[in-house]
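The values are calculated or read from the model by the stated rules, or taken from the named source; none is laboratory data. Since the structure is predicted, the reported quantities are computational estimates derived from the model, not experimental observations. Using ideal geometry, Cβ is built from the backbone for each residue, glycine included, and neighbour counts are taken over all protein chains shown.
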């Protein structure tokens, strides 16, 4: 069983200095590094204090200088905001600076608010065209001098400078729909997914899409799925986690559904009365569906992931949880959850790494 952790810089208001935000995030990364997590992921977002990462490669290079072995991933670079030559070069430099630890995750972009500022008002749904063109271009640039004549980008024969330490850093595609799963598999990319706050059947459905797509891959690919979570020892920990998830959710739904204002970089916390999926934010639903619980309860939940074939779980930590609580949650995960699955192996589940003929 593999475990990754998603850590993003972010704040609810300007009362917390940015240097404190950055210091707290680095502390969590170092706990994950020492505690046995396989990968730490960070996002790309612009003009939004909810997630502060205008260049994830800069942040990963910083973390790489303060960690020993954990791999460092983007979850995810927004393809419409990049030129293929720039993306290939910046990703390769990050790989060099981190000693060959880069995992490059890409997606089509998340929020219309950002598209209006970063992509000339393009409809967010159009981002998939950029994702499909940029991935094979970056792969080619890493391998050889390459000229590109495409729908979106054109450039003459070009060298990627520098080249990455890894011959081809692992590439990941953020996916939820079957077409994106298929595209990723056909291009030799791993897949990362999220069930958001939906019931466990959504995890089962995402794994089923992966198995179907992987049957068309020419080589082994991997599926990692994300759930936001917190490990706690008592009811006070549960209450803090649920309160933070609800507060974060009100800002997230603003951006995700494009239903609220953003002022000075801070998304308005919308009223759940206008959110169609407001039932997902009920405390009982969050406790049931998310990775919330004591170490024993978290282990039982992850066993369910194994039973449906998932063997790489990403723990989402960035949802306005008080730092002391977030730190203790990671410590508990490292002390109890990771060792349990290291010691018992993967006998309870089916491997999510699948190799099939094309």
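Kindly list the number of the only condition in (1) out of contact with any strand residue (DSSP E or B) (no Cβ under 7 Å at 6 or more places or on another chain); (2) surrounded by 15 or more Cβ atoms within 10 Å (Cβ to Cβ); (3) without any contact (Cβ under 8 Å) to a residue 12 or more places away in the chain that fails for residue 244.
(3) is the only condition that residue 244 fails.
Yes or no: residue 254 modelled with pLDDT under 95, closer than 25 Å to residue 113 by Cβ, more than 19 Å from the chain's Cα centre (by Cα) and part of a helix (DSSP H, G or I)?
yes
Being modelled with pLDDT of 95 or more, under 23 Å from the mean Cα position of the chain (by Cα) and buried (at least 16 other Cβ atoms within 10 Å of the Cβ) narrows it down to one residue among 199, 170, 178; which is it?
So the residue among 199, 170, 178 that is modelled with pLDDT of 95 or more, under 23 Å from the mean Cα position of the chain (by Cα) and buried (at least 16 other Cβ atoms within 10 Å of the Cβ) is 170.
Is region 128-138 home to any residue that is within 18 Å of the chain's Cα centre (by Cα) and surrounded by fewer than 21 Cβ atoms within 10 Å (Cβ to Cβ)?
For region 128-138, residues within 18 Å of the chain's Cα centre (by Cα) and surrounded by fewer than 21 Cβ atoms within 10 Å (Cβ to Cβ): present.
Output yes when any residue across region 309-325 is buried (at least 19 other Cβ atoms within 10 Å of the Cβ), in a helix (DSSP H, G or I) and touching a residue at least 60 places away in the same chain (Cβ under 8 Å), and no when none is.
no
Against the condition over 28 Å from residue 196 (Cα atoms) and surrounded by fewer than 17 Cβ atoms within 10 Å (Cβ to Cβ), how does residue 147 come out, does it pass?
Judged against the criteria, residue 147 is a match.
I'd like the residue in region 150-164 that is under 29 Å from the mean Cα position of the chain (by Cα) and surrounded by 15 or more Cβ atoms within 10 Å (Cβ to Cβ) and, out of all such residues, is farthest from residue 93 (Cα to Cα).
It comes out as 152.
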